[in-house]
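The structure appears right after this line, and notes come after that.
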Amino acid sequence: MPLVTTQEMLLDAQKRGYAVGAFNIENMEMAQAIVAAAEAQRAPVMIQTTPGTLKYAPPEVYQAMVAALAEKASVPVAMHLDHGDSFDLAQRCLKAGYTSVMIDGSRLDYEGNIALTRQVTDIAGEIPVEAELGKVGGKEDTLQDEGCLYTDPDEAAEFAARTGVTSLAVAIGTAHGVYKEKPRLDVERLKAIRAKVEIPLVLHGASGLSHEQVQECVAAGICKVNFATELRIAYTEGVKEGFESSPIDPKAYGKVGRAKVQALAEKWMAVCGASGKA
Ligand code: 13P
Ligand code: ZN
């Protein structure tokens, strides 16, 4: 089926108490793996690219590739800009046919974040827009932040109302990249945000969390969970493994990487409760 927007997908997740898995891709093999995982699990799915990935190849290329995979799939697939860092990039992805965008103004002060987010919601039309309030820690793409700045529930409610976003990424103690120690998540804060904010909430930095941590967050109101680092590691490990027996056939080692990404994505879809929801 054609690419779908994330609006219905996330509202269904909110209504039925599960979370849509949102998976970062870098190349065709990873995109194929995620769509195959969604088909196998009968799960709705989001595929996303960061600004860094979009420097490797432009949005038009990733969109065309994922749209072609979605067309052949029997489960809903959405194409999302992850951590969009400028109005121009968000606009470019919208023009390229992305069906969802994130504008991440979390490095700005509160009013600056609202102003940038508002610029994007003003041009997005029917396309859903995710924003971030507070600051998820760690390293994602070229973003490097030491600590996590927790989202304030009252600010979140005001932010959602003033920007018109359709989903909101919250900072409750997760970080991008590999955790050096087990993170402690502020689930009470998440519940407080959920009590004040009606739009679907998004959890970033899920690589390295336990199944129980993800499930606890989903039960407390998270409707979308982002996975990147674990997928990159799985793909790379698969390629290294495949490379040993087939060092000159990109198809042969790409296949091993692809299979590892699919298995991992299937596991997380099940943990998020998305299996069987398509
Ligand atoms: P991880 O790299 O920690 O999985 O985070 C993913 C993410 O939040 C992408 O936006
Ligand atoms: Zn993120």
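Of the residues that make up region 219-240, is at least one over 24 Å from N27 (Cβ atoms), more than 16 Å from ligand 2 (Cβ to nearest atom) and among the hydrophobic types (A, V, I, L, M, F, W, C)? Before you say what the answer is, go through the steps one by one.
Within region 219-240, the first condition is being over 24 Å from N27 (Cβ atoms), and the residues that meet it are 219-223.
So of that shortlist, the ones also more than 16 Å from ligand 2 (Cβ to nearest atom) come out as 219-221.
Within this subset, residues satisfying the condition of being among the hydrophobic types (A, V, I, L, M, F, W, C) are 219-220.
Within region 219-240 (the criterion being over 24 Å from N27 (Cβ atoms), more than 16 Å from ligand 2 (Cβ to nearest atom) and among the hydrophobic types (A, V, I, L, M, F, W, C)), the answer is yes, since at least one residue qualifies.
Could we say that K277 is closer than 22 Å to E39 by Cα, at pLDDT 95 or above and more than 16 Å from ligand 1 (Cβ to nearest atom) here?
yes
Please pick out the residue among G273, G257, G242 that is assigned to a helix (DSSP H, G or I) and in contact (Cβ under 8 Å) with a residue 40 or more places away in the chain. Step through it out loud before you land on a result.
On the way: G273 fails: assigned to a helix (DSSP H, G or I); G242 fails: in contact (Cβ under 8 Å) with a residue 40 or more places away in the chain.
Just a single option satisfies the conditions, and that option is G257.
Could you list, in sequence order, the residues of region 34-64 that are assigned to a helix (DSSP H, G or I), open to solvent by 20 Å² or more (accessible area, probe 1.4 Å) and either farther than 21 Å from L264 by Cα or hydroxyl-bearing (S, T, Y) (or both)?
Here is the first cut: in region 34-64, the ones assigned to a helix (DSSP H, G or I) are 34-41, 53-56, 59-64.
Adding the requirement that they be open to solvent by 20 Å² or more (accessible area, probe 1.4 Å) leaves 36, 39-41, 55-56, 60-61, 63-64.
K55, Y56, E60, V61, Q63, A64 - these are the residues of region 34-64 that are assigned to a helix (DSSP H, G or I), open to solvent by 20 Å² or more (accessible area, probe 1.4 Å) and either farther than 21 Å from L264 by Cα or hydroxyl-bearing (S, T, Y) (or both).
I'd like to verify a number: residues in region 83-116 that are open to solvent by 60 Å² or more (accessible area, probe 1.4 Å) and either within 15 Å of ligand 1 (Cβ to nearest atom) or assigned to a loop (DSSP other than H, G, I, E, B) (or both), how many?
The total comes to 4.
Considering region 207-223 alone, what residues qualify as being within 13 Å of the chain's Cα centre (by Cα) and more than 16 Å from G134 (Cβ to Cβ)? Please lay out each step first, then the result.
Applying the first criterion (within 13 Å of the chain's Cα centre (by Cα)) to region 207-223 yields 207, 222-223.
Across region 207-223, the qualifying residues are S207, C223.
Would a scan of region 117-132 turn up a residue that is within 12 Å of ligand 1 (Cβ to nearest atom) and among the hydrophobic types (A, V, I, L, M, F, W, C)? Full working, then the answer.
Of all residues in region 117-132, those within 12 Å of ligand 1 (Cβ to nearest atom) come to 130, 132.
Subsequent filtering for residues that are among the hydrophobic types (A, V, I, L, M, F, W, C) retains none.
No, region 117-132 has no match at all.
Go through region 69-106 and give me each residue that's away from ligand 2 (no atom under 14 Å from the Cβ) and acidic (D, E).
Scanning region 69-106 gives E71, D88.
Can you report the number of residues in region 189-229 which are open to solvent by less than 20 Å² (accessible area, probe 1.4 Å), part of a loop (DSSP other than H, G, I, E, B) and within 16 Å of ligand 1 (Cβ to nearest atom)?
Number of matching residues: 7.
Just one of D152, D186 is surrounded by fewer than 21 Cβ atoms within 10 Å (Cβ to Cβ) and over 26 Å from M269 (Cβ atoms); which is it? Write out each step before concluding.
On the way: D186 fails: over 26 Å from M269 (Cβ atoms).
Answer to the selection: D152.
Taking only pairs six or more apart or across chains, which ones have beta-carbon atoms under 8 Å, a first residue in region 3-18 that is over 20 Å from V271 (Cβ atoms) and outside any helix (DSSP H, G or I), and a second residue that is open to solvent by 70 Å² or more (accessible area, probe 1.4 Å) and not aromatic (F, W, Y)?
Taking only residues 6 or more apart or on different chains, the pairs are T5/E126.
The values are calculated or read from the model by the stated rules, or taken from the named source; none is laboratory data. Every value quoted in this text rests on a predicted model; they were computed, and no experiment measured them. Counting neighbours? That spans all protein chains shown, and the Cβs are built from the backbone with ideal geometry, glycine included. Accessible surface areas use protein heavy atoms only, side chains included; no ligands, DNA or RNA. Shrake-Rupley method; radii C 1.70, N 1.55, O 1.52, S 1.80 Å.
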